[in-house]
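Trainee: I'd like to ask you about the structure that follows.
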Amino acid sequence: MSRLPPLEHPPSRPRLTPLSLAVFPRLAIAAFDLVFPALCPVCGNELGPRRRDPLCGPCWDAIDRIAPPFCDRCGAPMPMREPPESRELGACRSHRGSSAGVARATLPGRGSEGAVEAPSDDPEEGPPPPAVCSTCAANGPAYDYARSAAVYGGVTREALHRLKFGGRRALARPLADLTVEQCGATLRGGIAAVVPVPLARDREWERGFNQAALLAERIARRLEVPVRAAWLARERATKPQSDLHAAERLANVRGAFRAAPAVADRHVLLVDDVLTTGATLAECARALRAAGAGCIGAVTVARVR
């Protein structure tokens with residue numbers, strides 16, 4: 001029996017390279033905008049170039065961003081670098097005595113001759129300790145550090161209002177991106193999970209969502225860490241903080257939160273939309289600390305100046 005010649009494989013066809021996943025959505029958006037022009041929810045103008053959907057380019061550029069120098073503990077803008085009371089203020093409480101994992105921002109000066117540096121006991125030990133404002137040096141917050149992306153006002157205020165009270169959930173995307181882009185480089189290392197500040201059940205039911213949870217999902221994705229909303233729960237309903245004065249805010253949220261045992265020895269990053277007096281974040285931090293959290297950070301889209 002004669003042996004059959006081996007089958008020859010036909011030459012492979014060149015594969016058609018599909019459109020990039022990054023290019024196709026842009027083309028689709030551009031085509032859709034030709035028929036139904038997208039409008040910015042803040043100013044009402046068409047989005048146009050430099051857009052950060054659903055914010056238009058001019059509104060995105062007009063955000064009053066917070067840049068260094070700022071306090072390493074509370075994140076408040078500082079006019080100049082203040083000498084901290086102690087090196088320990090710049091470290092998480094579970095790692096006192098070590099500066100590992102602490103991100104220090106580059107603080108601008110007036111050139112090499114006019115830069116103001118914090119004094120160091122031993123200049124050979126390494127870089128100077130982080131800058132801490134006089135308020136935190138005298139009475140630091142319950143959390144280990146906080147960062148905010150922008151000043152609460154103007155475009156930032158309008159965008160947050162439309163997110164929270166206007167149901168424009170899509171605004172959580174650019175606002176979360178803003179938070180990561182402004183604050184991500186100065187967050188301390190070893191974050192175990194992102195935890196949104198819980199919203200009162202009746203207000204979440206009325207609103208249909210928790211804005212802190214929407215922001216936390218996007219922030220966690222950008223930081224490549226998980227979201228653990230169940231690690232912090234609201235024990236009782238509270239009045240809206242916006243209706244209260246500073247002292248009333250502290251009393252309003254006292255004992256309102258409970259943390260899960262899973263936070264023990266973990267670095268937890270709280271997420272909320274606005275830092276006003278810090279009462280809500282501080283009470284969340286106390287609950288996390290009581291459950292054994294090792295390090296507690298906080299990020300917000302904005303803070304009241």
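The values are calculated or read from the model by the stated rules, or taken from the named source; none is laboratory data. Bear in mind that the values here come from a model prediction, so they are computed numbers and not experimental data. FYI the Cβ positions are ideal-geometry reconstructions off the backbone, even for glycines, and counts take in every protein chain you see. Side chains included, ligands, DNA and RNA excluded: accessible areas come from the protein's heavy atoms. Shrake-Rupley method; radii C 1.70, N 1.55, O 1.52, S 1.80 Å.
Trainee: Quick one: how many residues across the stretch 40-59 are in a strand (DSSP E or B) and under 19 Å from ALA172 (Cβ atoms)? It would help to see each step written out before you state the result.
Mentor: Pass one, the stretch 40-59, residues in a strand (DSSP E or B): 46, 52, 55.
When the remaining residues are screened for being under 19 Å from ALA172 (Cβ atoms), the result is 52, 55.
Summing the residues that are in a strand (DSSP E or B) and under 19 Å from ALA172 (Cβ atoms) in the stretch 40-59 gives 2.
Trainee: So, in the stretch 245-273, how many residues would count as being open to solvent by less than 30 Å² (accessible area, probe 1.4 Å) and not charged (D, E, K, R)?
Mentor: Residues in the stretch 245-273 being open to solvent by less than 30 Å² (accessible area, probe 1.4 Å) and not charged (D, E, K, R): 12 in total.
Trainee: I'd like the residue in the stretch 181-223 that is open to solvent by less than 20 Å² (accessible area, probe 1.4 Å) and in a helix (DSSP H, G or I) and, out of all such residues, is nearest to PHE165 (Cα to Cα).
Mentor: Checking each candidate, the answer is GLN211.
Trainee: Output yes when any residue across the stretch 189-212 is under 11 Å from the mean Cα position of the chain (by Cα) and within 21 Å of TRP60 (Cα to Cα), and no when none is.
Mentor: yes
Trainee: Give the residues of the stretch 121-138 that are part of a loop (DSSP other than H, G, I, E, B) and modelled with pLDDT of 90 or more, sorted by residue number.
Mentor: Selection gives VAL132, CYS133.
Trainee: Taking the stretch 249-265 only, how many residues are out of contact with any Gly (no Cβ under 6 Å at 6 or more places or on another chain) and part of a loop (DSSP other than H, G, I, E, B)?
Mentor: Total meeting the criteria: 4.
Trainee: While we're looking at this one, here's another question. Does GLY166 satisfy the condition of being under 24 Å from LEU39 (Cβ atoms), open to solvent by 20 Å² or more (accessible area, probe 1.4 Å), assigned to a loop (DSSP other than H, G, I, E, B) and of a type outside the set (Phe, Trp, Tyr)?
Mentor: Against the criterion (under 24 Å from LEU39 (Cβ atoms), open to solvent by 20 Å² or more (accessible area, probe 1.4 Å), assigned to a loop (DSSP other than H, G, I, E, B) and of a type outside the set (Phe, Trp, Tyr)), GLY166 qualifies.
Trainee: Taking the stretch 259-280, which residues are modelled with pLDDT under 95 and in contact with a Leu (Cβ under 8 Å, 6 or more places away or on another chain)?
Mentor: THR277, ALA279
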